[in-house]
Amino acid sequence: MRDFAALFAALDGTTKTGAKLAALTAYFQSAPEPDRVWTIALLSGRRPKRSVTATELREWAAGAAGLPLWLFEESYAMVGDLAETIALILPAPLHEDEPPSLDQTIRALMALTGQSSEARREAILRVWDRLGQTERLLFNKLITGGFRMGVSQGLMTRALAQATGVDEAVLAHRLMGDWLPQHTAFADLVAEDTATGLGSRPYPFALAAPLEDGPETLGDPQDWRAEWKWDGIRGQLIQREGAFALWSRGEELITDRFPEFAPLADFLPRGTVIDGEVVAWGADRPLPFAELQKRIGRKTVPKRLLLDAPARLLAYDLLEDGGEDIRPLPYATRRARMEAMVAALPAGLPLGLSPDIAFAGWADLAAIRATARAAQAEGLMLKRATSPYFVGRKRGDWWKWKLDPWSVDAVMIYAQAGHGRRANLFTDFTFAVRQGNELVPFTKAYSGLTDAEFAEITRWVGKNTLERFGPVRRVKPELVFEIAFEGIQESPRHKSGIALRFPRMARWRRDKPVDEIDTIEGLRDLLNVARG
Amino acid sequence: MADPVLTFTDRGIYCPAGDFFIDPWRPVDRALITHGHSDHARWGHRRYLATHQALPVIRHRLGQIDAQGIGYGEAFRIGGVTVSFHPAGHVPGSAQIAVERDGEVWVVSGDYKVEPDGLAEPFAPVRCHAFISECTFGLPVFRWRPQAQVMADISRWWAANAAAGKTSILGAYSFGKAQRLMAGVDPIGPILTHGAVEETTAILRAQGYALPDTIRAGQGVDAKTHPGALVIAPPSALGSAWARKFGPVDEAFASGWMAVRGIRRRRSLGTGFTVSDHADWDGLNAAIRATGCERVFVTHGYTAPFRRWLAEQGYDAGIVATEFGDDAEEPLPEVAE
C-alpha cells in the first residue's frame, strides 16, 4: 500500500499533467509488479468485486467512531465521498505498522467474499486500525470503487508507454477488454501484441471532436464523407475464432443484453470487427433513445421488449477484415470493404450500414443536417476520406456536427449537493416550468455552470431554503435558467409527462423573472415537433 | 421562569438588563465586541467595548470609533449585569464574553479555538449556565492534527519549493491566520507579505506580539531580490496576476476546510494545509463540557446536526440564527450547515 499511497499523494498533490505523468511513470518502473497490474486495473475502471457493502461500511465505521448513524450521514453529505468520510471519522490507528502491499490488500478483500458479516467486520476493523489516514482512504476506495485520482486512462497509458517502451497505441489496445487483474502478470499485460490470442478484445474507439465552426473551415467537401450521428449505444462487434462479443464504448461487455444479434455469429466472416451504433429499430429508422434505454441495465430482456424495441447495429466502420487489422487504411477503403462484407450477408439480419450521405457542397450538407431530427439522428458525422481509424480523440479527421440543442427557460425548485469535487456545493438541481399558476417539475440538470456560479447559487440556497428532505432542499422558486437539451420524449413515469435527453444548464438567466419562464404547453409543442 | 440573560434579536445578541449587544450586525448604541474579524466587529455602533489587545486592529479596520478597552478577566458593570472578557484562543485579542446577572452566567463564545497556537491568548474555559457556541466545524470529520505537525509540513513544503527554485505562496486570512503561520513556520528564508497581511502584522508587532521580520512584497521586493521566499497573502491573491509575478510559484491554502479533499480539489490547489482558528469537533465538545453548562445555543456552522448531537448528549440545546460567518475570516466556502 505504501507505494500506492505515495503515488496517490503525488497525483493528488498536483494539478499539472506533467507532474502526474512523471509520478505514474516512476511508479510503473519501481512498484512491485503485481501492484502495477492492480493500479492499471483501478485506473482503467476495473475493480475487484465488492465483498463488503456500502451500508456495512457506514455502520461499522460509525460504530468504531462511537457516532450515531445519522451523524455519519450528515458528515457524508458534507464530505461527499464515502471512503473519505470514513477515513476522517475513524479514531486514530492504534497499531500503525508496515501495511501489506496493494496486491495483498486486494486479495485479502476478495477472500472476504462469502464470509459471515461478523468475520468481515472484524477483518475490516483490523485493517482500519493499522492504517494512516491516506491509506485508509485508499483502502476504503478499494471497497467502494469509483477510483478517480485525476488521471485519465489516456494519461495512464502514456505513463505506461514511457515506463515500458511499448508503443502507446499497442498498450491502449492491450488494456481493452475483460482481462482480470488477479490472473494477469504485468509482463503479459504490456507485452508487444501479436495477432494471435486477441480473443474478444476490442480496439480502442476512435472519437470525434465537436465541430464548433461551420464545415467551410474543413476545406474541400470532396475530401469528406458524411453520415448521421445516431443517438444509441456506440458499440464494437467482434467476430473471431471462438469469440463473439459486443462491447460498449465504456468497455462493458453487452453481448447478452442484445440476444437478437446472436445470428450474426453464424453469418459474419471470422476475423471481423465492426464499429457501429446499437439502436432500437422501427420500420425504417431508429426509435427514440428512450426505447433503447428500457433495455439498458437489464440482465435479461423480456420478450415484449424484444418485439417493441428490436435492436439493430448500424455499422460505421470496419476495423478488422479477414483477421487483418485494417485500422491504418484510409476510411474510404475501409468503408468500401465494409459495404462489400455487408452486401454478402443474407437478408434479415439485425445489421445494416449507417448510410453514407451524398452531398453537393457545404450549403447542401447544412440543409441535410437541419433534417436530422426527422431521421432520429442528433446531427451529422464528418470523416476525412483518407483518415485512419485512430486511437481515442484526435482533432482534425473526425468531427461531430450536432444540431443546435433545444432550450427552455425554467425555474429551480430543488437543490442537492454534489459529490467528489463538488462535495458541499449545491450542483444538482430540479427545474420546473409553469402550468397555469402552478410549477411542474420536468427535469434535473447538473452541469453547464462555472464553479463561481455554483458557489454563488450555493450561498443563495443556504439563505433561501424553504424545506429540507434529507439532503434535498426545496428553495424559493426564483432563479431562472435556460435549460438546453438534445431531445424530448413522452414519459408516463414523470409527473410532467415528458423526459429530456441530455439536459444541462445553458446559462443562468439573471435577467429573467419567474413569471416569464416557459410553460408545460410549450414543452408539449416541442414533443410534437420531435415526433416529426 | 425568569427572563433570559441574553436574547436573540434581528440586530444581534442582546442583553436587556444591560441594554447592550454582543457582536451586533446592525448599528446599535452599545456594542461589546469579541474580536476584530469583520463579521463580528462591524461599523456604525455608537460605543464599542473590546479587549485592549483587540482594539488596535478594530480601530485600524473601522477608523474613528468611540471605543473603550477592557482587560481579560476584569469585571465591568453595565446596568443590571456584570460583564467580563476571557481569552478565546481564536486570534490575538479575541475573547469570550461572560454576562452575569444575579449569579446566573451566560457566555458568548465568539469564535474560539482550544489548542494554544503560541500567538493568541490561550482559550480559557468559563463556568456558566448557558453557553452560546459557534460551530463552524461542528461535524466529526473535522479533527485537527497538532499544530506542530502541520507547521512541520508547511516548513517542508517551503524548503522543497526553495530547493526547486520556486516561490512558495501561502494563502491565509490576513488577520490571525497569517501571523500565526509566520510565527510558527521554521524560518528557512525571507518571509514576504501581501499589503493586506503586512498592515495587520505591523499593528500586532507594535502591540508586542512575537512575530518574525516580514517584508512587504512590491516594488523592488520580489522573487529576484528574495529567492526561495515564503509569501503570505490573502486567499483571494492565490492564482492572481499578483501571485504570478513571483515567477515559478507553488501555491497552497491554509484553512480548516482543506481537511476535505473535494473542497481542496475544487480550488484547483494541489496543496492545502489544514490549519484553522476555530475549534474542531473534539475541541467544540471539550469546550462545551468544560463550561459545565446545561444550556447551549449553537450559531454559525453545522448548527442543525450539532444541536441534535448535543441534545443526544443531554444538553438543552437550541439554534440561534446569526449573521456571523458571512464574510468571515474562515467562511465555509459555499454552504452553511
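The values are calculated or read from the model by the stated rules, or taken from the named source; none is laboratory data. Here the structure is a predicted model, which means the values were calculated and not measured. Here the Cβ is made from the backbone with ideal geometry for all residues, glycine too, and neighbour counts use every protein chain on show. Only protein heavy atoms, including side chains, enter the accessible area calculation; ligands, DNA and RNA are left aside. Shrake-Rupley method; radii C 1.70, N 1.55, O 1.52, S 1.80 Å.
Rolling a 1.4 angstrom probe over the range B:97-208 with all protein chains present gives an accessible area of which 55% lies on carbon and sulfur atoms. Short to long, the 10 Å bins of the Cα pair-distance histogram for the range A:347-412 hold 15, 38, 32, 12, 4, 0 percent of all pairs. Given R0 = 60 Å, the distance between the Cβ atoms of A:Thr217 and B:Thr82 translates into a calculated FRET efficiency of 0.15. Extension gain for B:Ile188-B:Gln313 works out to 40.3 nm (0.36 nm per residue, less the C-alpha to C-alpha distance). The gain in end-to-end length when the A:Asn437 to A:Asp356 segment is fully stretched comes to 24.2 nm, 0.36 nm per residue minus the alpha carbon separation. Which residues does the label zone of A:Ala385 cover in the range A:213-228, counting backbone N under 15 Å from a point 7 Å along Cα→Cβ? Label zone hits: A:219-227.
If you sort the three axes of the alpha carbon gyration tensor as a ≥ b ≥ c, you get a/c under 1.5 for the range B:147-273, which makes it rounded.
Between B:Ala159 and B:Ala321, the modelled label-to-label distance comes to 5.2 nm, taking each label 7 Å out from Cα in the direction of the beta carbon. Where does helix B:195-207 land angle-wise versus the long Cα axis of chain B, in degrees 0 to 90, nearest 10? On a 0 to 90 degree scale, this one is about 60. D by Stokes-Einstein for the range A:206-402, Kirkwood Rh over Cα pairs, 20 °C, 1.002 mPa s: 123 µm²/s. Between A:Ile296 and A:Ala363, what FRET efficiency comes out of the Förster formula 1/(1 + (r/R0)^6) with R0 = 41 Å and r the beta carbon distance, rounded to 0.05? Efficiency at R0 = 41 Å is approximately 0.60. With all protein chains in place and a 1.4 Å probe, the accessible surface of the range A:221-348 carries 52 percent carbon and sulfur. Any chance you could check the Cα centroid distance between the range B:55-109 and the range B:228-274 for me, in angstrom? Answer, in whole Å: 34.
For the range A:406-531, the carbon plus sulfur part of the accessible surface works out to 48%, probe radius 1.4 Å. Extent of the range B:58-164 along its three principal axes (Cα atoms, max minus min coordinate, largest first): 63, 39, 19 Å.
An ellipsoid equivalent to chain A, defined through the eigenvalues of its Cα gyration tensor, has semi-axes of 40, 35, 22 Å when rounded to whole angstrom and sorted largest first. Computed over protein heavy atoms with a 1.4 Å probe, the accessible surface of chain A works out to 44 Å² per residue.
Considering only Cα-Cα distances, which of the following residue pairs are longer than 19 Å: A:Lys16/A:Lys400; A:Lys16/A:Lys394; A:Lys229/A:Lys383; A:Lys463/B:Lys113? With Cα atoms farther than 19 Å apart: A:Lys16/A:Lys400; A:Lys16/A:Lys394; A:Lys463/B:Lys113. Once the 1.4 Å probe is applied to the protein heavy atoms, the range B:147-273 comes out at 37 Å² accessible per residue. Computed from label points 7 Å out along Cα-Cβ, the spacing between A:Ala262 and A:Glu118 is 4.6 nm. Between A:Arg474 and A:Lys400, the simple label model (points 7 Å from Cα in the Cβ direction) yields a spacing of 3.8 nm. Summing Cβ point charges (Lys, Arg +1; Asp, Glu -1) relative to the Cα centre of the protein assembly as shown gives a dipole of roughly 740 debye.
At an R0 of 51 angstrom, the distance between the Cβ atoms of A:Glu453 and A:Val342 translates into a FRET efficiency of 0.60. Burial annotation for the range B:124-151: residues with an accessible-area loss of at least 20 Å² between the isolated chain and the complete set of protein chains, computed on heavy atoms with a 1.4 Å probe, are B:Leu139, B:Pro140, B:Val141, B:Arg143. Using equal-weight Cα scatterers in the Debye expression, the normalised intensity of the range A:1-91 in log10 at q = 0.10 Å⁻¹ is -0.37. Its DSSP H runs of at least 4 residues, each contributing -39,500 (n - 2.57), put the calculated 222 nm mean residue ellipticity of chain A at -10000 deg cm²/dmol, to the nearest 500. Roughly what % antiparallel, to the nearest 5, for the DSSP beta bridges in the protein assembly as shown? That works out to approximately 65 percent antiparallel. Counting Cα-Cα pairs of chain B in 10 Å increments starting at 0 gives whole-percent bin shares of 6, 26, 33, 22, 10, 3, 0. Label point of A:Glu521 set 7 angstrom out along Cα-Cβ; within the range A:398-442, amide nitrogens under 14 Å from it belong to A:434-438. The angle between the Cα long axis of helix B:303-312 and the main principal axis of chain B comes to about 60°, on a 0 to 90 degree scale.
Neighbouring Cβ atoms from other chains, within 10 Å of the Cβ of residues in A:68-81, number 5 on average. Taken across both chains, chains A and B shield about 2800 Å² of accessible surface from a 1.4 Å probe.
Scaling against 2.2 N^0.38 Å puts the C-alpha radius of gyration of the range A:418-512 at 1.10. Radius of gyration over Kirkwood radius for the range B:1-94, both on Cα atoms: the Rg/Rh ratio is 0.95. Beta bridges assigned by DSSP with both partners in chain B are antiparallel in approximately 35 percent of cases. Here the relative contact order of the range B:147-273, from alpha carbon pairs under 8 Å that lie six or more residues apart, stands at 34 percent.
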